[in-house]
Each structure stands twice: as C-alpha cells, then as structure tokens.
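The values are calculated or read from the model by the stated rules, or taken from the named source; none is laboratory data. Only a predicted model underlies this, so the values are computations on that prediction, with no experimental measurement involved. Here the Cβ is made from the backbone with ideal geometry for all residues, glycine too, and neighbour counts use every protein chain on show. Ligands, DNA and RNA are stripped out before the accessible areas are found, and what is left, the full protein with its side chains, is counted by its heavy atoms. Shrake-Rupley method; radii C 1.70, N 1.55, O 1.52, S 1.80 Å.
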Amino acid sequence: EPEVTQTPSHQVTQMGQEVILRCVPISNHLYFYWYRQILGQKVEFLVSFYNNEISEKSEIFDDQFSVERPDGSNFTLKIRSTKLEDSAMYFCASGHSYNEQFFGPGTRLTVL
Amino acid sequence: DQQVKQNSPSLSVQEGRISILNCDYTNSMFDYFLWYKKYPAEGPTFLISISSIKDKNEDGRFTVFLNKSAKHLSLHIVPSQPGDSAVYFCAARTSYDKVIFGPGTSLSVIP
C-alpha cells in the first residue's frame, strides 16, 4: 500500500541554522500539507499546497517558513533561521482530494 | 483558542466493550469532521469521517455520530480490541483544506 514518507526521521540543528524537511507524498495525490506537534501539545496546521502554490497557511507559518515541490515528487518544508520553539514533530500529509489526508511518520526536529 | 475540544485526556476500556470518545467544537462553520488514530512515533492515521449533512457514519467497528445542534461528535468502537490502544484525535475542517485538530484522547484497551 502506498504511503507518505519523510526524511530524516530526526534532525538536530543549532539555533539560527536553516533546515529542510523532506516528504515524498503518495504519487497520484494533488493536495499536500505540513503540520507540527510540539511535545505534549496538539497537532497544528502549518500550510496546504495545491496546484504548485500555497492555498492556505496558519499564523505559525511566517516568513521563516517556505514550502516547495521542486521535482514533482518531493515536498519540502524549509525553516530559514530556526528558533528553539521550532522544536517539534513535523508531519507531512497528502491527499487525492481535499477530503482526505494521509500522514507521514513525521520528522522530529530538535533545535539546540 | 480551542475550536475543537476533547475533554477526556485518557480513557480505559475492557477488551470487548464499547469505547466512546467524545469531541466538542465551537465553530458552526465546520463542514467536515474526521477522526485520526496515532501510535507513538508514527503519524496520525485516518479512521473515519462525517460530513455535516449527516448524523452517523459507520465503518466496521467504528461509528461516528454527529449532533450539530449540540456541536458534539463521538466515535464509538465496538468491540474494543487491545490494538485499538492509541491516541485518538478529533479534527474539523474550516475550509476546503485546513484541518484543526483537538488535543487527543489516549485510549487504553485492557485485555
């Protein structure tokens, strides 16, 4: 059964460094999402992406964040200058329609 | 601003019995509701959903009930199995693609 994959599973970085989190959505899906879950808190929506552009973003998704689908298979989340509070699990999701979202296993980001 | 609430952080149920997970929401503009299950170290897995025009949706052991007037939905699992032990997230859609998650309820099914 096809699944969403994410790499790396764990990323450790220094505060102020740039990180890129990678996701490979399910191949025929058209809708793509990033979520995060800070330890002990709820899953929070970051951004949705459709037709090669951002369709919606939350207040969390400020100028430090960007997303890209560079080659038709990968879907990346970039954080330009990481802060301590960016430490969280980051989940990618994809869907064939806007009524479904299949989640990847997540990337644990630790900012030191 | 908790638009989706799950007031029980944890629930324990005996194997074979019914598990009932509750969810309340505040935004009357939500048009679609979803339940996800999450095991440790994994991403949320979609379980079942319901449109706001329905009051019940059933899929095998899982049934979701929606009471729009009370802004309340519930997930029933019957019979409960030990493999159902996980965190269950209620989620609601505000627009065609943004989903807001509740804080989750940790279900333990005791053999």
What number of residues within region A:61-107 satisfy the criterion of being open to solvent by 40 Å² or more (accessible area, probe 1.4 Å) and β-branched (Val, Ile, Thr)?
0
Just need a number here: residues in region A:77-99 that are under 18 Å from B:Lys98 (Cα atoms) and in contact (Cβ under 8 Å) with a residue 12 or more places away in the chain.
10
Any pair with Cβ under 6 angstrom, 6 or more apart, that starts in region B:40-53 at a residue that is facing chain A (nearest Cβ under 7 Å) and ends at one that is open to solvent by 20 Å² or more (accessible area, probe 1.4 Å) and assigned to a loop (DSSP other than H, G, I, E, B)
B:Glu42/A:Pro105; B:Gly43/A:Pro105
Contact list please: Cβ distance under 8 Å, first residue in region A:1-28 and without any contact (Cβ under 8 Å) to a residue 40 or more places away in the chain, second residue open to solvent by 90 Å² or more (accessible area, probe 1.4 Å), pairs at least six apart or on different chains.
A:Pro2/A:Ser27
